[in-house]
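First comes the structure, then the notes that go with it.
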Amino acid sequence: MERLTLDYLPREVLAKLDLETTFMASRLVIEAERLQVFRKLQNKKLSADKIESILNIHPRYLIFFLNALVSLGLLHKKDDVYWNSHLTEKFFIQERSIYWTRQFSTEGVENFRRFANLEKVLVSGKDYREVMKQEPQSYIEEFHKDPKQAEDFTYMLYYYHQQDAQALAQHLDLRDFRKVLDVGGGSGVMSITLVKQYPHLCASILEIEPVCKTAQQIIHQQGLTKHINTIVGNMNEDLPIGYDVIMFCDIGSVEENLLKKAYNRLPRNGMVVLVDRYLSEERTDPLDSILHQFIGSSFPIETHEEMVDQLHICGFKNILKKNIYKDVWMITGRT
């Protein structure tokens, strides 16, 4: 799935977008996603009155809202009728699932609230939750409380990481391996893609219970229940044995003690695989990983070279690192 970066917008739209306007416009687009404006206009041309009845937006702001989306090149307008642009159809309909619309737009709204407190965070050095006087709560706690959110989040990740998974399958040679443990594997997108590439593989996804339930649905939909199963567990407590490959893909920082557990669980000549958006050596890229550090990100804070050093410390040998897709790095080591 491609990200809608500013260079995709029409040139006349880009000319309007100074930094302050971009901040406000991006919040407007997130709200359009929250309200599912683009999905409700899919293959339709609707009048403003009809859109008002569907979206329940107050008439005081409706026309301003729709016209702003026209100005951004996301809607077309003729007289009083609106419809999606080709850009919108591609990036907000074809490239995204309904789960992305619901989950990611919700996170986007929350991130704007968090960045509204950026000055206090920078000056105080406190976590944004302390500044906003919020009780710390992990994804694990949230998902156990709200299984529907867990389902949306897991499906969203499945679609979001398709290209990452394809890149991993192209660059990771698993011909000589048989059993893969996908730690914190979420939707199972990495395991599913690897098993399709290497049909002799069997994979297990280690995850919390609410995520496992959705992963099982996806695995069933892909017809891979004989090759992939889920294990309910906590990666920070223990790792099961019996696997010759252990993967940590897109789970944020992988602590040294977890890597040592992986080393001890693997057989001789087993493989550990790390896949994530690690920081560059100068720590100036990827930009989104850096920005998210201000709002409680799970993005790794280590560089890819530091993760190579971590593997060395834990005893792994024949360590290789490779930039496999955009800012995604794959690092492997052998026991």
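Summary table
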quantity	calculated
Near pairs, Cβ below 8 angstrom, 6+ apart or cross-chain, from the range 1-29 (at pLDDT below 90) to any residue that is charged (D, E, K, R)	MET1/GLU95; MET1/ARG96; GLU2/GLU95
Subset tally (residues that are without any contact (Cβ under 8 Å) to a residue 40 or more places away in the chain and either under 30 Å from LYS133 (Cβ atoms) or within 19 Å of the chain's Cα centre (by Cα) (or both)) for the range 305-325	1
Single condition VAL121 does not satisfy, out of (1) more than 22 Å from the chain's Cα centre (by Cα); (2) free of Cβ contacts under 8 Å to residues at least 60 places away in the same chain	(2)
Complete set of residues in the range 275-296 that are among the aliphatic types (A, V, I, L, M) and under 16 Å from the mean Cα position of the chain (by Cα)	VAL275, LEU287, ILE290, LEU291, ILE295
Those residues of the range 114-131 which are in contact with a Gly (Cβ under 9 Å, 6 or more places away or on another chain) and aromatic (Phe, Trp, Tyr), in sequence order	TYR128
Yes/no for VAL37 being modelled with pLDDT under 95, of a type in the set (A, V, I, L, M) and surrounded by 15 or more Cβ atoms within 10 Å (Cβ to Cβ)	no
Selected residue (criterion: farthest from the chain's Cα centre (by Cα)) from residues of the range 142-197 that are closer than 17 Å to MET247 by Cβ, of a type in the set (D, E, K, R) and crowded, with 17+ Cβ neighbours inside 10 Å	ASP182
Qualifying residue in the range 194-203 (condition: of a type in the set (Ser, Thr, Tyr), in contact with a helix residue (DSSP H, G or I) (Cβ under 9 Å, 6 or more places away or on another chain) and more than 28 Å from ILE98 (Cα to Cα))	yes
Enumeration of residues in the range 64-102 that are hydrophobic (A, V, I, L, M, F, W, C), surrounded by fewer than 16 Cβ atoms within 10 Å (Cβ to Cβ), modelled with pLDDT of 95 or more and out of contact with any strand residue (DSSP E or B) (no Cβ under 9 Å at 6 or more places or on another chain)	PHE64
Residues (loosely packed, with under 15 Cβ neighbours inside 10 Å and under 24 Å from VAL308 (Cα atoms)) located in the range 218-252	ASN236, GLU237, ASP238, PRO240, ILE241
GLU20 surrounded by fewer than 16 Cβ atoms within 10 Å (Cβ to Cβ) and under 30 Å from GLU142 (Cβ atoms)	no
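Here is a yes/no grid of residues against (1) out of contact with any Gly (no Cβ under 6 Å at 6 or more places or on another chain); (2) basic (Lys, Arg); (3) part of a helix (DSSP H, G or I):
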site	(1), (2), (3)
MET156	yes, no, yes
ALA169	yes, no, yes
ASP173	yes, no, no
ASP182	yes, no, no
HIS220	yes, no, yes
LYS226	yes, yes, no
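The values are calculated or read from the model by the stated rules, or taken from the named source; none is laboratory data. All figures in this text were calculated on a predicted structure; none of them were measured in a lab. Note that we place each Cβ from the backbone using ideal geometry, even for glycine, and neighbour counts take in every protein chain shown.
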